[in-house]
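Novice: Take a look at this one; I'll ask things after.
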Amino acid sequence: MKAVLALLLLVFAFPAFAVDPSEVLPDPALETRAREIGRALRCVVCQNQSIDDSNAEVARDMRRAVRERLVAGDNDAAVFDFMVARYGDYVLLNPPFKARTLILWLGAPLVLLIAGSALLLAARRRKAVVAPQPLSDEEQRRLDSLLKG
């Protein structure tokens, strides 16, 4: 039972392994802010993963930049502004809804709509399969003779 509990704790703590101990700030308040910001920023090379959870080199650089900005005295909004200026709105896990981010918000539903429409059109264009006509008496006799002999 202890092994199962330890394994569960390890699985739930897995994202914590992404932040290297050398990256942790000595000030607990700043570190807490850095972790909160890191959970709201997307790793630009990962599949929808926050920089706090990613082990990618780019995510490590992004975490380092967040911590540098916080140590320099920036507030959270200034850190977000800095990261957006550097990487674009895509870096935000929850990007704002505006003209430049329409593809982020509407891309997946649009692709789903296009694929559904294509499948519907293909289904409508497909010709119905006509049931085969039953064999005539002559054809049935010929088939029986071929099968018997």
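Novice: Working out 0.36 nm times the residue gap between GLU36 and VAL111, then minus their Cα-Cα distance, what length gain in nm do you get to one decimal?
Specialist: Going from the current span to full extension adds 23.8 nm.
Novice: Please work out the FRET efficiency for the pair ALA123 and ALA78, using the Cβ-Cβ distance as r and a Förster radius of 35 Å; give the result to the nearest 0.05.
Specialist: 0.05
Novice: With +1 assigned to the C-beta of every Lys and Arg and -1 to the C-beta of every Asp and Glu, and no other charges, what is the dipole magnitude of the chain about the Cα centre in debye, to the nearest 20?
Specialist: It comes to approximately 680 debye.
Novice: Here's a follow-up. With axes computed from alpha carbons, what is the tilt in degrees of helix 137-148 against the longest principal axis of the chain, rounded to the nearest 10 within 0 to 90?
Specialist: 80 degrees
Novice: As an exercise, identify the trypsin sites (Lys or Arg not before Pro) in segment 43-149 lying in DSSP coil whose Cβ has no more than 14 other Cβ atoms within 10 Å.
Specialist: Answer by residue number: LYS98, ARG126, LYS127.
Novice: Once you've got the GNM for the chain with C-alpha springs shorter than 10 Å, pick whichever of LEU41, LEU135, LEU104 has the biggest mean-square fluctuation.
Specialist: Sorting by GNM fluctuation, first place goes to LEU135.
Novice: Using the alpha-carbon atoms, what tilt in degrees (0 to 90, nearest 10) does helix 76-87 show relative to the longest principal axis of the chain?
Specialist: Approximately 50 degrees, to the nearest ten.
Novice: Give the Rg (one decimal place) followed by the Dmax (whole number) of segment 67-142, computed from C-alpha coordinates and expressed in Å.
Specialist: Cα radius of gyration and Dmax of segment 67-142 are 29.5, 96 Å respectively.
Novice: Taking Cα pairs under 8 Å and at least six residues apart, what relative contact order does the chain come out at, in percent?
Specialist: 16 percent
Laboratory data are not the source of any read-out in this text; all were calculated from the coordinates shown. Just so it is clear, the model here is predicted, and its values are computed rather than measured. A quick note on method: Cβ atoms are made from the backbone with ideal geometry, for glycine too, and the neighbour counts reach across all protein chains shown.
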